[in-house]
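Right, one structure below, let's go through it.
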Amino acid sequence: MIKLKDILLESTAPDIFVPRRIDDRVERLISRYVRNGSKGNLDLRRMNLTKLPSILKNVNVDGNFNCAGNNLTSLENVPENVSGNFNCSNSNKLTSLVGAPSSVGGDFWCAYCKLTSLTGTPKTVGGNFYCGNNPGKFTETQVRAVCDVKGRVYV
């Protein structure tokens, strides 16, 4: 127990507001999602991740998967199949889509990254494909050549 007198007598106050168990929060979130039957959305956006945990690799997401707004440099360990939307856009440092799911049932978002290649693009996307605002200036024809997009392509 920290006593007020001890805090006042120290030259620097201890940091008593450090979040507990922050290191494994992503793994715990994914484990809880799997325990609940992998139903619904799995939201890992803005968690300051540089890499996705390996526990995620064998998970099928029956809903949307969002890993946008992190600092990811690859899509290693993403779920193989996502029945809803897949979002890896905004602030991620992806240069290719290697490791992306093979199939996405809804929209696929990879805009505002650092993509210079479409290598690794999903085989099928059931909705729209958003890949604008990347260093690689892709055309709709290039996207459709590597992916069966059922909806529109936004470049």
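FYI, it's all coordinate maths here, none of it is from the lab. Since the structure is predicted, the reported quantities are computational estimates derived from the model, not experimental observations. Heads up, the Cβs are rebuilt from the backbone with ideal geometry, glycines too, and the neighbour counts pull from every protein chain shown.
Take the Cα coordinates of segment 22-74, assign each an equal point scatterer, and use the Debye formula without solvent to give log10 I(q)/I(0) at q = 0.16, 0.26 Å⁻¹.
The Cα Debye sum returns log10 ratios of -0.43, -1.15.
Tell me, C110, C67, C147 in order of fewest to most beta-carbon neighbours within 10 Å?
Going from least to most buried by this count: C147, C67, C110.
With unit charges on the beta carbons (Lys and Arg positive, Asp and Glu negative) and the dipole taken about the Cα centre of the chain, which residue among Y112, G99, G84 sits farthest to the positive side?
The residue sitting farthest along the positive end of the dipole is G84.
Can you give me the relative contact order of segment 56-130 as a percent, contacts being Cα pairs under 8 Å and 6 or more apart?
Once normalised by length, the contact order is 28 percent.
Give me the percent of Cα-Cα pairs in segment 89-139 that sit more than 17 Å apart, rounded to a whole number.
Tail fraction, whole percent: 27.
For the chain, find the longest principal axis of its Cα atoms and tell me its angle to the long axis of helix 25-35, 0 to 90°, nearest 10.
Compared with the principal axis, the helix lies near 60 degrees.
For segment 36-51, take each phi angle, set θ = phi - 60°, evaluate the Karplus expression 6.51 cos²θ - 1.76 cosθ + 1.60, and give the result in whole Hz per residue in order, putting x for glycine and proline.
With coefficients 6.51, -1.76 and 1.60, one gets 7, x, 6, 9, x, 8, 10, 10, 10, 6, 6, 10, 6, 7, 9, 8 Hz.
Tell me what the chain gives for mean residue ellipticity at 222 nm when only DSSP H runs of n ≥ 4 count, each as -39,500 (n - 2.57), the sum divided by the residue total, rounded to 500 deg cm²/dmol.
-4000 deg cm²/dmol
Can you give me the pair-distance distribution of the chain, C-alpha pairs, 10 Å bins, whole percents?
11, 38, 26, 11, 8, 5, 2, 0
Sorted by average packing, counted as other Cβ atoms within 10 angstrom per residue and highest first, what order do 87-97, 133-143 take?
Per-residue mean Cβ counts within 10 Å order the peptides as 87-97, 133-143.
So for the chain, averaging the separation of alpha carbon pairs under 8 Å that are six or more residues apart and normalising by length, what relative contact order in percent results?
Over the chain, the number comes to 14 percent.
Check V153: other-chain or 5+ apart residues with amide H under 5 Å from its amide H, H built from backbone geometry?
Close amide H contacts, sequence-distant or interchain: F129.
If you take every DSSP beta bridge whose two residues both sit in the chain, what share of them, in percent to the nearest 5, is antiparallel?
0 percent
Calculate the dipole size of segment 43-155 relative to its Cα centre from +1 charges on Lys and Arg beta carbons and -1 charges on Asp and Glu beta carbons; express the result in debye to the nearest 20.
In debye, rounded to 20, segment 43-155 gives about 280.
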